[in-house]
Amino acid sequence: MKRLILIPILLLLAQYGADAQQVLTLEDCRQMAVQGNKNLDQARQKVKMAEYDRKIAAANYFPEIKATGAYLYNNKNLVLIDDQTSDALNNMGTTVQGQFNAQMEQLMAAIKTNPSAAMEYMKSPMWQTVVGALSQTDVSAALNTVGSSISESFNLDIQNVYVGAVSLQQPVFVGGKIVASNRMAKYADELARVQYEGEYEDVLLTVDQAYWQIVSIANKKKLAEDYAALLDHLCKDAEVSVAEGVATQSDLLSIKVKCNEAQMLLSKSVNGLALSKMLLCKQIGLPLDSEITLADETLDVIPMPELLGRKDMDSILADRTETRSLDLASKIYDQKVTIARADGLPTVALTANYLISNPSSFNGFKNEFGGSIHAGVLVSVPLFHGTEGIQKTKKAKAEAEMYRTKYQDACEMIGLQVEQLTRQQDEALERVNMTESSLESAEENLRVAMLGFEEGVVSASVTLQAQTAWMQAHSEYIDACVELQMNHANLLKAQGEYNLNN
């Protein structure tokens, strides 16, 4: 943020709390307005949001790592063989043993029916041992166990399934979209800060105008009081003159009419001053019924501002928030052109994943956790989607060109505004000098007229005219001084020099 505002608000409140009537300088009003303005608060939040967006865009440079987990319950298991095959495998040993026993019985029957074979069998202990061992062999239990195991292996237990994955994706090339997005976020951050400065300047200008408006009305109120006092003094002198026969009753009535007009003018000034102070209280965050007095409204002479010299146009354009905002907006849309063009280019990314599951099939199909690592390169090439990409690019270019045109127009308008305000400043200064000279003449004329009326050599009408001219000269002088202050504030903003110290 370009301007960091530190406000000693506690000291300010302590100072004002000591007196029921708060005396505020222009700097005090500015600080209080900046501190409590809702639009400025919103602009500050927008600056924070833009900072967060810039950090979000920077995150795209880093790999995306995420973990995923899932659990699935199935009310049925998965069986790869039918029930008939399963039963055959479970009873495989019994079947084989039955067939083996039948073959042994056939062998023994063949030996017994063949005398020579029977004689040979009876003479050979080895054959008797072998045949006896084969007759006693029982493979049913072992084969039934093996068959049951094989049958069970075709029955996949998937009633409870657990799956987990950790994936990593690192973009390598996305057509320049990441770089453009970060530049756009950077420009948007700067734009939010410039817009804050614009809101800041608007607040200061509004407070300055309200402040000098109050000073103007307060001085006119004092002028109305002095004018009413002069007329009251003139009325008393006229009453004495009428009693002495020097003045007529008509002169006295004319003076009394002017006295009533002066009282009406004073009443309007009092009401106008009260309303103007309420408006200022609202702008600086005080209750509307606060009793405040401005430091410059109690002075006998309205202070003159330090007049600004001519500033070169390049510096003005570099300092004005409007041109800076439009320049940043055009840069943002230039980056949008890059992003729109990137949608039509290939994207390349590195990927890596670690997958884990239960049941696992890496060593048979078992109810245990097993994992594996996968790595590769992901390439995506857009082929055809109408002319969407081309139209997006053309639209972004048109928007960027629109803001460049707005920038050029704003430069011309700012040049015209600065020239106009500079001329108005010269005119206002000349008007101050002229009204000051007129005021001196009106005061001298009034002094002579009052002395002449007291001596009876000047009529009441001439004296009233002198008082009216004095009143008019004072009012024009006040207007000229306040106009110069207002013009100074407007010129400060037009030249991009508005801050808390001006």
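State yes or no: is L275 modelled with pLDDT of 90 or more and more than 29 Å from the chain's Cα centre (by Cα)?
Judged against the criteria, L275 is a match.
If a residue has to be in a strand (DSSP E or B), of a type outside the set (A, V, I, L, M), open to solvent by 70 Å² or more (accessible area, probe 1.4 Å) and touching a residue at least 12 places away in the same chain (Cβ under 8 Å) to count, how many in the stretch 361-390 make the cut?
Residues meeting the conditions: 1.
Could you tell me whether A59 is modelled with pLDDT of 90 or more and either out of contact with any Cys (no Cβ under 7 Å at 6 or more places or on another chain) or outside any helix (DSSP H, G or I) (or both)?
Against the criterion (modelled with pLDDT of 90 or more and either out of contact with any Cys (no Cβ under 7 Å at 6 or more places or on another chain) or outside any helix (DSSP H, G or I) (or both)), A59 qualifies.
Name every residue in the stretch 49-67 that is farther than 16 Å from N182 by Cα and exposed (fewer than 12 other Cβ atoms within 10 Å of the Cβ), in order of residue number.
Of everything in the stretch 49-67, those that are farther than 16 Å from N182 by Cα and exposed (fewer than 12 other Cβ atoms within 10 Å of the Cβ) turn out to be I65, K66, A67.
I'm checking my understanding of the structure. Among residues of the stretch 348-360 that are open to solvent by less than 50 Å² (accessible area, probe 1.4 Å) and at pLDDT 90 or above, which one is farthest from A180 (Cα to Cα)?
Ranking the qualifying residues of the stretch 348-360, first place goes to A352.
Mind listing just one residue for me: the one in the stretch 453-480 that is of a type outside the set (V, I, T), out of contact with any Ser or Thr (no Cβ under 6 Å at 6 or more places or on another chain) and more than 19 Å from A229 (Cβ to Cβ) and, of those, surrounded by the most Cβ atoms within 10 Å (Cβ to Cβ)?
D479
Could you please find all residues in the stretch 239-281 being open to solvent by 70 Å² or more (accessible area, probe 1.4 Å) and outside any helix (DSSP H, G or I)?
Matches in the stretch 239-281: V246, T248.
State which residue is surrounded by the fewest Cβ atoms within 10 Å (Cβ to Cβ) when the search covers only the stretch 156-173 and only residues that are more than 30 Å from P346 (Cβ to Cβ) and either in contact with a Ser or Thr (Cβ under 8 Å, 6 or more places away or on another chain) or modelled with pLDDT of 90 or more (or both).
For the stretch 156-173, the residue satisfying everything is V163.
Go through the stretch 284-314 and give me each residue that's polar (S, T, N, Q) and either modelled with pLDDT of 90 or more or not in a helix (DSSP H, G or I) (or both).
Matches in the stretch 284-314: S290, T293.
Of the residues that make up the stretch 412-419, is at least one in contact with a His (Cβ under 9 Å, 6 or more places away or on another chain), part of a helix (DSSP H, G or I) and over 30 Å from Y187 (Cβ atoms)?
no
Find the residue count for the stretch 204-215, including only residues that are surrounded by fewer than 23 Cβ atoms within 10 Å (Cβ to Cβ) and not aliphatic (A, V, I, L, M).
The qualifying residues number 3.
State all residues of the stretch 308-360 that are under 30 Å from S380 (Cβ atoms) and among the hydroxyl-bearing types (S, T, Y); if no residue qualifies, say none.
Selection gives Y333, T338, T347, T351, Y354, S357.
Applying the selection to the stretch 319-347, what residues are open to solvent by less than 40 Å² (accessible area, probe 1.4 Å) and either within 30 Å of F369 (Cβ to Cβ) or of a type in the set (V, I, T) (or both)?
Across the stretch 319-347, the qualifying residues are T321, T323, I332, V337, I339.
I need a count of the residues in the stretch 156-193 that are hydrophobic (A, V, I, L, M, F, W, C) and in a strand (DSSP E or B).
Of the residues in the stretch 156-193, 8 are hydrophobic (A, V, I, L, M, F, W, C) and in a strand (DSSP E or B).
The values are calculated or read from the model by the stated rules, or taken from the named source; none is laboratory data. These numbers come from a predicted model, not from an experiment. All Cβ positions, even for glycine, are placed from backbone atoms using ideal geometry, and neighbour counts span all protein chains on display. Each accessible area value is taken on the protein alone, full model and side chains, heavy atoms only, with ligands, DNA and RNA left out. Shrake-Rupley method; radii C 1.70, N 1.55, O 1.52, S 1.80 Å.
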